[in-house]
Amino acid sequence: MSLATTSLTVPSDEELLQRFASGERAALEELFRRYRQPAYRVAFRLLGHEADALDAVQEGFVKALTHLAGFQGRSSFKTWLLRVVSNAALDLGRQRGRRETLTLEGELGHPQLLTGDESGFSMEQADLRVLLDRALDTLSDVQRQTFVLYADAELTYREIAEVMGASIGTVMSRLFYARQKLKAFFSERTVS
């Protein structure tokens, strides 16, 4: 028996949405499972605090579920969902006030949320994560959101433009200036 005949096909987001519309609740659960990690990474990078990020993801998923009928398929489901979660994170950040500092305990508190080998990363890598979070704090909200959607959610320029309701040129400009600020932040901290 060949591998081609034994492999299972993974349903597309569109297929899962159609199944959910037909009453199959597990299809929506699969979509949320599929995008739980990218949604958490985006929320965490926007908020800088684990508990707030978890709250934002939960709030975003609830909003997505209650507004699913409004999803018209003009963008991918992933893009739409990350827009909802991103907006929920920004709203929550404004409500609670952006946290000034991160603790290493908070960063490492829930390794099940991390993927791959991240749960066993070294102190040096943890220090780098904290430094990156501080660097991201130097960006404006729109620059941070743009950079996070590009770097953590791995969205294309077009997808970021859809999420943020901006032109591709604006996305490119925001990324350029975000990279410049991050480069300046890190160059100030390098040892000569």
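The values are calculated or read from the model by the stated rules, or taken from the named source; none is laboratory data. Since the model is a prediction, treat every value here as computed from it, not as a measurement. Neighbour counts run over all protein chains shown; Cβ positions are idealised from the backbone, glycine included.
Taken over the stretch 27-73, the residue count meeting the criterion of being in a loop (DSSP other than H, G, I, E, B) and either of a type in the set (A, V, I, L, M) or in contact (Cβ under 8 Å) with a residue 60 or more places away in the chain (or both) is 1. Could you please find all residues in the stretch 136-192 being over 14 Å from the mean Cα position of the chain (by Cα), outside any helix (DSSP H, G or I) and of a type outside the set (D, E, K, R)? Correct list: Thr138, Leu139, Ser140, Gly165, Ala166, Ser167, Thr190, Val191, Ser192.
Conditions tested, residue by residue: (1) crowded, with 19+ Cβ neighbours inside 10 Å; (2) among the aliphatic types (A, V, I, L, M); (3) within 16 Å of Gln145 (Cβ to Cβ); (4) at pLDDT 90 or above.
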| site | (1), (2), (3), (4) |
| --- | --- |
| Thr6 | no, no, no, no |
| Arg34 | no, no, no, yes |
| Arg41 | yes, no, yes, yes |
| Leu47 | yes, yes, yes, no |
| Val57 | yes, yes, yes, yes |
| Ala64 | yes, yes, no, no |
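Please determine, by comparing only the residues of the stretch 39-90 that are among the basic types (Lys, Arg) and in contact with a helix residue (DSSP H, G or I) (Cβ under 7 Å, 6 or more places away or on another chain), which one is farthest from Gly23 (Cα to Cα).
Step one: filter the stretch 39-90 for residues among the basic types (Lys, Arg), giving 41, 45, 63, 74, 78, 83.
Imposing the further condition that a residue be in contact with a helix residue (DSSP H, G or I) (Cβ under 7 Å, 6 or more places away or on another chain) reduces the set to 45, 63, 78, 83.
Values: Arg45: 35, Lys63: 19, Lys78: 21, Arg83: 25 Å.
Per the stated criteria, the residue is Arg45.
When the test is whether a residue is modelled with pLDDT of 80 or more, of a type in the set (S, T, N, Q) and not in a helix (DSSP H, G or I), Ser86 does not pass it.
Restricting attention to the stretch 145-186, the residues that are surrounded by 18 or more Cβ atoms within 10 Å (Cβ to Cβ) and of a type in the set (A, V, I, L, M, F, W, C) total 14.
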